[in-house]
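**Student:** First, the structure itself, so that you have it in front of you.
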Amino acid sequence: MAGRRVNVNVGVLGHIDSGKTALARALSTTASTAAFDKQPQSRERGITLDLGFSCFSVPLPARLRPAPLGAEPEPEPEPGDEPRLQVTLVDCPGHASLIRTIIGGAQIIDLMMLVIDVTKGMQTQSAECLVIGQIACQKLVVVLNKTDLLPEGKRQAVIDKMTKKMQKTLENTKFRGAPILPVAARPGGPDAPETEAPQGIPELIEVVRKVKSMQMFHTPVTSAVQGDRLGICVTQFDPKLLERGLVCAPESLHTVHAALISVEKIQYFRGSLQTKAKFHITVGHETVMGRVMFFSPAPDSFDHEPVLDSFDFSQEYLFQERYLCPGSVPAETDGGEADRRVGQASEGRCPRQQWALVEFEKPVTCPRLCLVIGSRLDTDIHANTCRLAFHGILLHGLEEKNYAESALPRLRVYKLKHKHGIVERVMDDYSVIGRSLFKKETNIQLFVGLKVHLSTGELGVIASAFGQSGKFKVHIPGGLSPESKKILTPALKKRGRAGRGEEAEQPEPAQHVALSLSFKRYIFDTHKRMVQSP
C-alpha cells in the first residue's frame, strides 16, 4: 500500500509572460489533463486561459510527521511506504482580462508563488496578484524568473537590486520577510530546446512547507476537501454538457440573490466606494455584477469589536452614502446640528467594522462565510491602477427571490433626516406658529407628534398644520421662558404704503428663533415611518 500523502496547494500567480507555466512545468513530475496550457484555445493564443493543475512530491519533512507514541522509536518505513509531501501547483492565468479566474484559483491555495519577470520587475497584474494574495492566503514566495536573460557579468547585481526592490514592496504587507528566490524556469525562452535544465528549482522546492489536506494524482482516495484536484468518473454522462460545476456536501452551498457582507476597502484602490455603485463581485468561482449599499454601526458603536462570523439583525445600523475611510465623516442627508454631533463623534476615526448589502444581477451559488471580492474590471487593463476595490466575508445570504419584501424589512438600516425652519410668531405662552420647515405640498399630518427644538432651548411638539401654505402650529409643553418671549415679542417697524405718503406699523419678531426637526427613517420600512429617540 502506498505511503501517506499530505497535500498542499500552491498557487502560481503573476503578470502575463512572467513564465508561470514554464515554472510549473519545471517543478512538476505529474500533470493533470488541464496542465501546461493543454487546451486548444490556450495553445492557439499562447497564453494560459484557465487554471492548470500539476504536482510533485518530496519526502514529508520530519517536523510535519506525527510524534511517535511512547518511548519506542518509530520503525523505518518499508520501501514505497515513506510518507510524502505532495505539492499541487495551481497555474493561474496572467492576463488582466482573466482576473475572475485568478481570484477563483486564489481561494483554494495554501501558499502563493508570485512570479516576477526579473527583467521587468513589478507590473500591473503582479501588483493585483499581490493584493489577491494578501486577501486569500497567508504565505508567499517570490520567484524572480528569467534570470538567464540577464547579461552574465551583471546578473548577480541585477538580481540583488531586484531582490531589494521586492523586499521594499513587501515591507508594508503581511508578507514582509517572505523568501525571494531567483530561477530560470525555461532557459533560452519558450523556443529554446528542452535540453537546457531549469536553474534554481531545488532551492525553490525547499521553501514549500505549509500543510492543509490530502490528495493523490493518479492514486485512489476515499475523501477530499476544498482545493483538492480530483478526477471523477461519471457513467452515462456527456462531459461536453458541463462547463463548470460544484461538488459539495449536502446543504453546504446555497444559491443567493443578495448578501450581507463585512467589507473592507483595498488600500490601493484609488476611487471611493459609493452606495448604489455597481462592481464586479467575485464569490467562489463566479463573478457577476452587483449593486452595493454601505452601512456602519451608530457612531457611539464605532469602536465595537468586529464580528466576522455572523450578522446581527437586532442591531440598528447607519446608512452611508459611501464607505468610510479614516478621517472621513458619515454622509448625512440634510446637514444640521445632528450632523455636527455625528461628525464630532467620528472625527479622526472610522468604525472598526463596516458592512454592505450586495444585490446580484443574477443568483450565485456559494457557501456561507466565503470570500467576496469587489472589483472594477471594466477599467482599462493597461492603466496603472488597481482594479480590486474591496473584499469581505459573506455573513448572510438572502435566498428568496422576493428578498426585498420578505427579508430586507428585517434589516434596520436608517438615515438621519434633519429639517430646519423658523418661528413666525407667538400665539400664546404655550404655542407658536412655524414656517419654512415644510414645502407647501407636504402632508404635515404625517409629522404631527414629532418633537422640534427651538434655538432658545425649548422643546416643542408639532400639533397641526396652520393654513395651506406649509405653516404649522407647535405646542410647547413647558411654556416659553420669559427670555424667549422677550426675543419673540414683535417690534414696530415703519414702512410706507404703496402710492401714499402715509406710514403704517407692521409687527415683526425682534429676532429670528430657529426650529429644528431630527428623526430616523429606516431604508426598508414598508410604512416609511419617522422615528425619534425617546
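The values are calculated or read from the model by the stated rules, or taken from the named source; none is laboratory data. Keep in mind the model is a prediction, meaning the values are calculated, not measured. Positions of Cβ are generated from backbone atoms using ideal geometry, with glycine treated the same way; all protein chains shown enter the neighbour counts.
**Student:** Taking the condition modelled with pLDDT of 90 or more, at positive phi and not acidic (Asp, Glu), does GLY499 pass?
**Tutor:** Answer is no for this residue.
**Student:** Return yes or no: is SER346 touching a helix residue (DSSP H, G or I) at 6+ places or on another chain (Cβ under 7 Å) and either crowded, with 17+ Cβ neighbours inside 10 Å or modelled with pLDDT of 90 or more (or both)? Let's see the steps before the verdict.
**Tutor:** Values: touching a helix residue (DSSP H, G or I) at 6+ places or on another chain (Cβ under 7 Å): yes; either crowded, with 17+ Cβ neighbours inside 10 Å or modelled with pLDDT of 90 or more (or both): yes.
Considered against the rule, which asks whether it is touching a helix residue (DSSP H, G or I) at 6+ places or on another chain (Cβ under 7 Å) and either crowded, with 17+ Cβ neighbours inside 10 Å or modelled with pLDDT of 90 or more (or both), SER346 comes out as yes.
**Student:** If you go through region 440-452 one residue at a time, do you hit one that is part of a strand (DSSP E or B) and either of a type in the set (Gly, Ala, Ser) or touching a Ser or Thr at 6+ places or on another chain (Cβ under 9 Å) (or both)?
**Tutor:** Yes, region 440-452 contains at least one residue that is part of a strand (DSSP E or B) and either of a type in the set (Gly, Ala, Ser) or touching a Ser or Thr at 6+ places or on another chain (Cβ under 9 Å) (or both).
**Student:** For region 349-386, what are the residues that are among the charged types (D, E, K, R) and under 17 Å from GLU286 (Cα atoms)?
**Tutor:** Result: GLU359, GLU361, LYS362, ARG368, ARG376, ASP378.
**Student:** Another question, then. Do any residues in region 434-450 that are in the same structural domain as LYS520 (by TED's automatic domain parsing) have Cβ atoms under 7 Å from those of residues that are among the polar types (S, T, N, Q), where the two are at least six apart or on different chains, and which pairs are they?
**Tutor:** Note: pairs meeting the criteria are LYS440/SER469; VAL448/SER464; LEU450/GLN532.
**Student:** What number of residues within region 308-318 are closer than 13 Å to LEU260 by Cα and out of contact with any His (no Cβ under 6 Å at 6 or more places or on another chain)?
**Tutor:** Qualifying residue count for the region: 6.
**Student:** Still on this structure, please answer the following. For region 138-166, which positions are in a loop (DSSP other than H, G, I, E, B) and crowded, with 22+ Cβ neighbours inside 10 Å? Steps first, answer last, please.
**Tutor:** Restricting attention to region 138-166, the residues satisfying the condition of being in a loop (DSSP other than H, G, I, E, B) are 138, 146, 150-154.
Listed by number, the list holds a single entry, LYS146.
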